[in-house]
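Student: Quick one: the structure is below, and I'll ask about it shortly.
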Amino acid sequence: MALKINLNYSPNFGSIKRNSKQIKFLIFHYTGMRKESEALKKLTKIQSEVSSHYFIKNNGDIVLLVPGLYIAWHAGKSSWRNYESLNKHSIGIEISNPGHQFNYKKFSKKQISSILSLSKFLIKKYKIKPKNILGHSDIAPNRKRDPGEKFPWKYLAKNKISFWHSLSSDLLKKNRQVKVNNEDKKLFLKNLYKIGYSRNFSKNLNKTNHLRSIVKAFQRRFRQELISGKIDKECLIISNNLLKKYY
């Protein structure tokens with residue numbers, strides 16, 4: 001069945017067309033606004049200077065805002081592995097959700113179904129690897145929390161969209177909040193950098209706050225039950241497992 005996509009073009013994109021081979025990443029966002037209509041208006045208003053390639057409504061409708069070969073303005077200052085400013089190398093998908101600021105809620109079944117269909121289409125079209133399917137908080141951990149801990153990363157990974165660990169829930173619970181020594185903490189952070197989280201942070205942020213931000217980003221993604229910003233044994237074994245599987 002063909003993917004049904006509605007059109008509502010945004011003026012907010014780079015005028016120079018890129019080569020499809022430049023597209024390496026798929027980045028998920030939530031809108032973080034009270035009303036869906038306000039979010040769509042912002043993404044299509046020239047004064048806002050923000051956009052994404054696609055918008056997924058509460059009812060699951062998919063809207064194309066910016067054609068894929070143009071650079072949409074969704075990621076902002078961002079980095080992952082050796083890439084900086086990921087707008088140049090990514091497709092951005094905004095999903096209607098009020099976010100943490102306005103009573104963050106679960107994504108609807110219709111939205112998840114559309115995320116699945118659209119992602120499969122884009123992965124095939126641009127040959128995007130599972131480990132290059134990310135959230136905004138992964139690539140901008142000091143600024144962003146979206147799509148957040150209610151985003152269905154595990155479910156998507158089961159459907160070959162994105163990546164996930166292969167550890168049992170019993171093993172994870174057993175190691176949750178189990179303290180680790182300083183050497184293990186260093187190993188965990190080293191693992192995060194290998195996975196792709198950035199070592200770099202802006203001058204107005206100290207190193208301690210940056211490290212806490214990337215730990216929280218990792219937890220929002222791979223340990224959604226507890227977003228503490230603290231490194232424990234569960235986090236360490238998840239990071240070890242991900243590296244073994246994907247890197």
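Student: Let me know the charge dipole size of the chain about its Cα centre in debye, to the nearest 20, where only the beta-carbon of Lys, Arg (+1) and Asp, Glu (-1) is charged.
Tutor: Around 480 debye, computed over the chain.
Student: Given the DSSP H assignment, sum -39500 (n - 2.57) over each helix run of at least 4 residues in the chain and divide by its residue total; what's the result at 222 nm in deg cm²/dmol, nearest 500? Can you show the working numbers first?
Tutor: Working: 8 runs with 87 residues, N = 247.
Theoretical 222 nm ellipticity from helices: -10500 deg cm²/dmol.
Student: Which of the lysines could a cross-linker span from LYS203 if the Cα-Cα distance has to be under 30 Å and same-chain partners fewer than 8 positions apart are dropped?
Tutor: LYS24, LYS42, LYS77, LYS88, LYS131, LYS144, LYS185, LYS186, LYS190, LYS194, LYS216, LYS230
Student: Among GLU234, GLU225, which comes first, then next, by fewest other beta-carbon atoms within 10 Å? Working shown, then result.
Tutor: On the way: GLU234 23, GLU225 11.
Listing GLU234, GLU225 from fewest to most nearby Cβ atoms yields GLU225, GLU234.
Student: On to the next question. Using a Cα-Cα cut-off of under 16 Å, which aspartates and glutamates could be cross-linked to LYS124, ignoring same-chain neighbours fewer than 8 residues away?
Tutor: Partners within reach: none.
Student: How about segment 39-100: which chymotrypsin sites (Phe, Trp or Tyr not before Pro) there are in a DSSP loop, with at most 16 other Cβ atoms within 10 Å of their Cβ?
Tutor: Numbers: sites: TYR54, PHE55, TYR70, TRP73, TRP80, TYR83; in loops: TYR70, TRP73.
The qualifying sites are TYR70.
Student: I'd like to know which of ASN175, SER20, ILE227 lies farthest towards the positive end of the charge dipole of the chain, counting +1 on Cβ of Lys and Arg and -1 on Cβ of Asp and Glu.
Tutor: ASN175
Student: Could you name the lysines in cross-link range of LYS41, using Cα to Cα under 19 Å and dropping any fewer than eight places away on the same chain?
Tutor: LYS57
Student: Quick one: order PHE28, PHE102 by neighbouring beta-carbon count within 10 Å, fewest to most.
Tutor: Ranking PHE28, PHE102 by Cβ neighbours within 10 Å, fewest first, gives PHE102, PHE28.
Student: Let me ask something additional. Among THR44, THR208, THR31, which comes first, second and so on when ranked by fewest other beta-carbon atoms within 10 Å? Before the final figure, lay out each step's value.
Tutor: Values: THR44 19, THR208 8, THR31 24.
Going from least to most buried by this count: THR208, THR44, THR31.
Student: If I take R0 = 35 Å and measure r between the Cβ atoms of LYS207 and LYS160 in this structure, what FRET efficiency does the formula 1/(1 + (r/R0)^6) give, to the nearest 0.05?
Tutor: Numbers: r = 36 Å, r/R0 = 1.04.
Efficiency for this residue pair is about 0.45.
Student: Pop the C-beta distance of ASN82 and ASN182 into the FRET formula with R0 = 35 Å and round what comes out to the nearest 0.05.
Tutor: 0.80
Student: Moving to a separate point now. Count charges around ASP232 for me, please; just the other residues with Cβ under 10 Å from its Cβ, Lys/Arg as +1, Asp/Glu as -1.
Tutor: For residues surrounding ASP232, the net value is +4.
Student: Report for the chain the percent antiparallel among DSSP-assigned beta bridges with both residues inside it, nearest 5.
Tutor: DSSP beta bridges in the chain are roughly 30 percent antiparallel.
Rule-based calculations on the coordinates, nothing more; no lab input. Predicted model only: the values in this text are computed from it and were never measured. With ideal geometry, Cβ positions are generated from the backbone for all residues, glycine too; neighbour counts draw on all protein chains shown.
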